[in-house]
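Single-structure report; data block below.
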Amino acid sequence: MTTDQVAEPFSLSLRAAIEDGHARAQGSEFVGALLAGELNLAGYTALVTQHYFIYGALEAAGDAMREHPVAGRFVFDGLRRLPALVADLAALLGPGWRDLVEPRASTAAYRDRLAEVAATSPTGFVAHHYTRYLGDIAGGQVVRAQLRDQHGLTDAGARFYDFSAIAPVPTFRKRYRSLLDRAPWTPEERAEVVAEAGVAFDHNVAVLVELAADLPTFRAA
Ligand code: HEM
């Protein structure tokens, strides 16, 4: 590299690398129905249920990575989603919710990947962490507004989208990008983060595709 060439910050390379996966997730039929206000509460609850299993595995990985000198910097207690998901499921399904929830096959595969890679590889953990939390902080706020307007869900049932514990969000996102940019990764390790983020998007798209198979039920009044 010559002196007048400045390397692109890693956060920007990562963001560019997930563009295609993001378009597939955002453009999926299930997300389209959600944002169009076509999903009934059963459809929304099916999504919350998948999040419950996904975040159980992701936050268990966070517990495993907490002391790691680099990956541990990404573990923020204020981001923790599992308590909110437990409260949301109790609100949506009632006190017996635990007997009513099961992961879809694609969710079980995603959960296995989180246990195998995110809980054991620091770069894998950051890739999965980035894919979910930055997505929920950004796109999740669009979903939050939809839930409020369509179903009147503002608190119980939609706590998953409440990120007040890490507010203000723009400052948090800036801090997160700077963590990505300053992580002392080799080019190979950066490539691992990018590759695993691609895997994370594939899993998310697979979950959305599997949920879409039930749209006739989820669109019913
Ligand atoms: C409900 C549908 C979705 C909408 C409306 C949406 C929208 C957005 C928006 C507006 C941003 C901010 C882009 C920026 O900072 O310029 C964003 C970023 C992001 N989204 Fe989504 N998104 C959706 C679904 C998803 C899904 C399903 C995932 C993955 C599970 C995801 C992962 C991400 C990630 C990782 C980022 C951060 C990119 C970065 O700034 O580095 N999004 N999304």
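The values are calculated or read from the model by the stated rules, or taken from the named source; none is laboratory data. Small disclaimer: the values here were computed from a predicted structure and weren't measured. Note that we place each Cβ from the backbone using ideal geometry, even for glycine, and neighbour counts take in every protein chain shown. Areas reflect the complete protein model, heavy atoms only, side chains present, ligands, DNA and RNA absent. Shrake-Rupley method; radii C 1.70, N 1.55, O 1.52, S 1.80 Å.
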| task | Take Ala105 and decide whether it is touching an Asp or Glu at 6+ places or on another chain (Cβ under 8 Å) and open to solvent by 20 Å² or more (accessible area, probe 1.4 Å). | result | yes
| List, please: which pairs have Cβ atoms under 7 Å, are six or more places apart or on different chains, and start with a residue in the stretch 165-180 that is within 18 Å of Ala16 (Cβ to Cβ) and end with one that is within 12 Å of the ligand (Cβ to nearest atom) and not basic (Lys, Arg)? | Arg173/Ile137; Tyr176/Leu134; Arg177/Ser11; Leu180/Phe10; Leu180/Ser11; Leu180/Leu14
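Name the residues in the stretch 114-129 that are closer than 18 Å to Pro187 by Cβ and either away from the ligand (no atom under 12 Å from the Cβ) or within 8 Å of the chain's Cα centre (by Cα) (or both), would you? Reasoning before the result, please.
Going through the stretch 114-129, the residues closer than 18 Å to Pro187 by Cβ turn out to be 121-124, 126-127.
Result: Ser121, Pro122, Thr123, Gly124.
Considering only the stretch 133-140, I want to know if a residue exists there that is open to solvent by 50 Å² or more (accessible area, probe 1.4 Å), of a type in the set (Ser, Thr, Tyr), in a helix (DSSP H, G or I) and without any contact (Cβ under 8 Å) to a residue 60 or more places away in the chain. Steps first, answer last, please.
So the first thing to find is which residues in the stretch 133-140 are open to solvent by 50 Å² or more (accessible area, probe 1.4 Å), and the list is none.
No, every residue in the stretch 133-140 fails to be open to solvent by 50 Å² or more (accessible area, probe 1.4 Å), of a type in the set (Ser, Thr, Tyr), in a helix (DSSP H, G or I) and without any contact (Cβ under 8 Å) to a residue 60 or more places away in the chain.
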| query | So, in the stretch 166-221, of the ones that are β-branched (Val, Ile, Thr) and farther than 21 Å from Arg80 by Cβ, which residue ends up nearest to the ligand (Cβ to nearest atom)? | reply | Val205
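I'd like the residue in the stretch 154-165 that is open to solvent by less than 30 Å² (accessible area, probe 1.4 Å) and in contact with an Asp or Glu (Cβ under 6 Å, 6 or more places away or on another chain) and, out of all such residues, is nearest to the ligand (Cβ to nearest atom). Write out each step before concluding.
Applying the first criterion (open to solvent by less than 30 Å² (accessible area, probe 1.4 Å)) to the stretch 154-165 yields 157-158, 160-161, 163.
Still in the list and also in contact with an Asp or Glu (Cβ under 6 Å, 6 or more places away or on another chain): 157, 160.
Working: Gly157: 17, Phe160: 13 Å.
Checked the stretch 154-165; the qualifying residue nearest to the ligand (Cβ to nearest atom) is Phe160.
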| Residues that are open to solvent by less than 10 Å² (accessible area, probe 1.4 Å) and either under 15 Å from Ala197 (Cβ atoms) or of a type in the set (A, V, I, L, M, F, W, C) (or both), drawn from the stretch 35-56 | Leu39, Val48, Ile54
